[in-house]
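Each reported figure results from applying straightforward, stated rules to the coordinates on display, with no laboratory input. Quick caveat, the model's predicted, so the values are computed rather than measured. Cβ coordinates were reconstructed from backbone atoms using ideal geometry, including for glycine residues, and neighbour counts include every protein chain displayed.
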């Protein structure tokens, strides 16, 4: 049975490999948290420079960075870091783990949230290697900390916890994802950007009977620091 996402925290850091990863997964939860006065930081391994088909990396990287900054601002996230690891070649290296460790140590969050690291999002829907390698690096870095944050979650399927969101958070999530205008317009030129964004947020905020049929964002508890 799903548990409610913890409430006794003030600061979280969301660690992901690419621009748009926060918005594709848990933007509605971020909207709720910042609306409650909590602080959420973003740290991204890359600038997504390999993510727009047909666009040179030197053009796509700055464009996707700008889209991510606008997207984060919609949700009230002011601190967005980019580490400049190569998009599509992100691996669980000592250098990546050091960047994760440095960020967690500097920010001292109560909660660390990462992208899902399993092999498939659903049957027949394989995960990206960048995602799996990055998620593994976050777990390894967390486990190496002498004084880790209270929780480490991944945003993905096979959830253990859920954050209930309302219509306002839903709409802010749609608006946030829609800020990735160029990325989405190239990804699916036949579907309006806002329609693409709305469909994605609908898919990632499933109504749950355990929470009265309300929409939720789902998370997997990977580590509980107090249980070490």
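Taking only C-alpha pairs under 8 Å that are 6+ residues apart, what is the relative contact order of the stretch 1-131 in percent? Computed over the stretch 1-131, the figure is 32 percent. Over the residues of the chain, the helix contribution to mean residue ellipticity at 222 nm works out to -12500 deg cm²/dmol, using -39500 (n - 2.57) for each DSSP H run of at least 4.
Averaging the Cα positions of each part gives two centres, and for the stretch 155-228 and the stretch 48-112 these lie 19 Å apart.
Within the listed set 153, 211, 170, the Gaussian network model of the chain (springs between alpha-carbon atoms below 10 Å) gives the highest mean-square fluctuation for 211. Computed over the Cα atoms of the stretch 56-148, pair by distinct pair, the Kirkwood hydrodynamic radius stands at 14.9 angstrom. Using the alpha carbons alone, the radius of gyration of the chain stands to its Kirkwood radius in an Rg to Rh ratio of 0.94.
Per residue, the Cα convex hull of the stretch 46-108 amounts to 90 Å³. Comparing 71, 185, 46 in a Gaussian network model of the chain where C-alpha atoms under 10 Å apart are linked, the largest mean-square fluctuation is found at 185. Modelled this way, with points 7 Å down the Cα-to-C-beta line, the labels at residue 182 and residue 4 are 4.3 nm from one another.
The mean sequence distance of close C-alpha pairs (under 8 Å, at least 6 residues apart), as a share of the length of the chain, puts its relative contact order at 27 percent.
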